[in-house]
Amino acid sequence: MSEEYIASNFIEQIINGDLEKGLRKDKLRFRFPPEPNGYLHIGHAKAICLNFGLGEKYNAPVNLRFDDTNPEAEEQEFVDAIQEDVEWLGFKWDRLCFASDYFDQLYSWAIQMIKEGKAYVDDQTSEQIVEQRKTPFEAGVESPYRNRSIEENLSLFEKMKNGEVKDGAHVLRAKADMTSPNMNMRDPVMYRMLNKPHHRTGDKWKIYPMYDWAHGESDYIERISHSLCSLEFENHRPLYEWYVDQIHQEGTLKPKQREFARGNVSYMITSKRKLKKLVEENHVCGWDDPRMPTISGLRRRGFTPNSIKSFWDKAGIAKRENVIDVSLLEHAIREELNAVAPRVFAVIDPVKLVIENYPEGKVEELEIENNPEDESAGFRKVPFTRELYIEKGDFMEDAPKKFFRLSIDKEVRLKGAYIIKATRVEKDATGNITTIFATYDEDSKSGSGTEASMRRVKGTLHWVSAQENIPIEVRLYDRLFSVEAPDADKETDFLEHINPNSLEIVHGFAEPSLKDAKPEDRFQFQRLGYFVADRKDFKDGNYVFNRTVPLRDTWAKKK
């Protein structure tokens with residue numbers, strides 16, 4: 001190798017080994033090949049980060065290719081969403097490709113294989129084909145149609161392509177090895193009949209290639225050097241290589257398939273079928289619901305591209321399946337937002353506080369630090385008035401000894417403002433506290449340098465002016481499932497594990513500065529957690545914030 005690359009995982013070791021064996025660096029090309037039958041999820045993000053990360057490390061091109069071979073499940077909506085997700089993560093593809101771009105070439109190669117006696121049309125049902133394949137411990141039984149003449153196979157395949165025979169009447173199978181212990185090699189199906197319009201090719205095709213046939217050949221067409229797949233495709237590798245061998249021309253690059261462990265994360269499911277069920281049965285509000293493990297859901301929840309990349313960088317690339325604790329993902333976003341998110345005041349379970357000795361009608365603009373972790377973040381002005389809102393949970397009329405928030409005849413500091421002491425309360429007819437009355441120490445203003453301002457009290461509360469504020473809707477999102485492996489028990493419907501408290505909607509008040517926020521702006525609501533302005537519903541004076549994560553991992557205590 002002319003350049004030295006230090007491998008950080010076994011995939012890079014493989015690539016470095018190939019370079020050392022003579023593979024030219026300018027022949028490196030990678031790809032990310034999603035099927036457009038749903039939205040991308042956190043597991044796909046691992047594959048995206050791996051493939052595009054390799055492209056960045058080796059300065060090699062990366063294709064975004066849609067393996068769009070199943071028109072029954074694929075839609076343009078998913079194609080658009082996938083492109084948006086990849087771009088949002090900060091990656092750029094070299095070529096935008098579709099397996100459907102190669103349908104003519106794949107069909108031509110299938111004709112070539114029939115002519116070479118390596119493929120045949122089978123009239124049997126899928127059940128019969130499965131039965132004849134037997135088990136890995138015994139030889140399969142050859143199809144009675146396996147030795148059809150080349151002429152008859154060509155004629156039938158043409159009729160299949162033209163839709164001249166009943167849907168599902170035939171399939172095209174490769175003539176591979178019915179005795180192989182690898183079941184994928186026992187005359188796999190290459191084409192099935194499907195009289196369905198395709199989102200790109202329309203009604204042109206009545207037959208569609210199977211994934212295994214289309215995938216490797218697409219890699220070959222695109223001159224992909226390393227085709228990286230998740231572990232469930234490991235036993236497909238011999239078929240992948242066999243298919244490529246059938247069409248490989250001397251002097252051209254053969255793609256190399258290698259496998260890595262999927263991105264399984266606790267408290268999440270990544271089965272597209274199950275995610276689709278969640279959406280279609282209205283257990284969530286769409287694919288981008290902030291409780292979903294989709295990239296668009298995580299984005300709407302307030303996760304950042306860097307936090308997702310950091311998460312997969314910390315989790316690493318493994319050879320064997322494992323489950324990564326979702327707390328590592330939550331740690332990644334806390335770590336990032338702690339450094340960069342502006343601190344703001346918001347009260348989401350408000351009770352009124354009246355400071356009786358503060359002048360009526362006075363509005364004091366207090367300068368409060370935006371982010372103590374970032375000196376360059378500066379200060380902002382927050383209006384302070386006689387009447388405020390604080391959190392109901394920050395007051396107890398009869399408090400125990402270790403309650404370090406506000407109670408009758410005890411002092412706390414209002415953050416960035418004054419020390420106050422509660423004196424009495426008003427209640428409604430049902431006994432609920434409606435108003436807390438307090439007095440303040442005029443000389444205790446934070447930062448004033450007075451002796452009173454440096455007096456220590458045990459509690460500090462956030463607050464919002466009752467007159468100078470904006471009303472907010474706050475969506476308190478939590479984990480969608482209440483167990484670590486919601487789909488592990490095959491006897492139990494995964495829907496039974498949905499967390500009934502995964503969403504709580506509350507209404508409160510925030511400091512006026514938040515009226516200038518834009519969708520996807522992120523904040524720390526002091527003492528409450530990290531929040532993001534909803535990318536869809538935050539508009540036209542409708543101030544909607546989603547909780548990304550609490551300030552601390554509350555699930556660790558539950559466990």
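FYI, it's all coordinate maths here, none of it is from the lab. All values derive from a computational prediction rather than experimental measurement. As a convention, Cβ positions derive from the backbone with ideal geometry for all residues, glycine included, and neighbour counts pool all protein chains shown.
The table that follows gives values for the structure above.
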| item | result |
| --- | --- |
| Out-of-range pairs (alpha-carbon distance over 22 Å; input Lys274/Lys490; Lys274/Lys539; Lys277/Lys539) | Lys274/Lys539; Lys277/Lys539 |
| Under 5 Å, built H, 5+ apart or other chain: amide partners of Asn499 | Phe481, Ser482 |
| Under-5 Å amide H pairs with Cys97, H placed in peptide plane, nonlocal only | Leu64, Arg65, Phe66 |
| Dipole-positive endmost among Phe233, Asn70, Ala7 within the chain (Cβ charges, Cα centre) | Ala7 |
| Rounded to 10°, Cα long-axis angle of helix 150-162 versus longest principal axis of the chain | 40 |
| Residue-by-residue Karplus 3J(HN,Hα) for region 327-332, coefficients 6.51, -1.76, 1.60, Hz, glycine and proline x | 4, 5, 5, 5, 5, 4 |
| Principal axis box of region 1-75, alpha-carbon based, largest edge first, Å | 47, 22, 16 |
| Length added when fully stretched, Glu321-Glu360, from 0.36 nm per residue minus Cα-Cα | 7.6 nm |
| Cross-link partners of Lys421 among lysines (Cα-Cα below 26 Å; sequence separation of 8 or more within a chain) | Lys352, Lys362, Lys381, Lys392, Lys401, Lys402, Lys410, Lys445, Lys458 |
| Folded to 0 to 90 degrees: helix 10-20 orientation relative to the chain principal axis, Cα | 50 |
| Per-residue ³J(HN,Hα) for region 514-528, Karplus 6.51 cos²θ - 1.76 cosθ + 1.60, θ = phi - 60°, Hz, x for Gly and Pro | 6, 5, 8, 5, 10, x, 6, 6, 10, 9, 9, 6, 4, 6, 10 |
| Virtual spin-label span in nm between Gln112 and Lys490, 7 Å along Cα→Cβ | 4.1 |
| ³J(HN,Hα), Karplus 6.51/-1.76/1.60, whole Hz, each residue of region 198-213, x for Gly, Pro | 9, 5, 10, 9, x, 9, 4, 10, 10, 10, 9, x, 6, 4, 4, 6 |
| Dipole magnitude of region 1-57, debye to nearest 20 (Cβ charges: Lys/Arg +1, Asp/Glu -1, about Cα centre) | 160 |
| From the coordinates shown, percent of Cα pairs over 47 Å apart corresponds to which of [x] 10; [y] 44; [z] 31 | [z] |
| Equivalent ellipsoid dimensions for region 408-493 as semi-axes, Å, which come from the Cα gyration tensor, largest first | 41, 20, 14 |
| Mean residue ellipticity (222 nm) of the chain, computed from DSSP H runs ≥ 4 via -39,500 (n - 2.57), nearest 500 | -8000 deg cm²/dmol |
| Kirkwood Rh in Å, taken over all unlike Cα pairs in region 216-291 | 15.1 |
| Nearest-20 debye value, the chain charge dipole, Cβ charges on Lys, Arg, Asp, Glu | 780 |
| Bridge type composition, the chain - antiparallel percent by DSSP, nearest 5 | 65 |
| Eligible aspartates and glutamates near Lys159 by straight Cα distance, threshold 17 Å, same-chain separation 8 or greater | Asp104, Asp122, Asp123, Glu151, Asp167, Asp203 |
| Qualifying lysines (Cα of each under 29 Å from Cα of Lys166; at least 8 residues distant if same chain) | Lys115, Lys118, Lys134, Lys175, Lys196, Lys204, Lys206 |
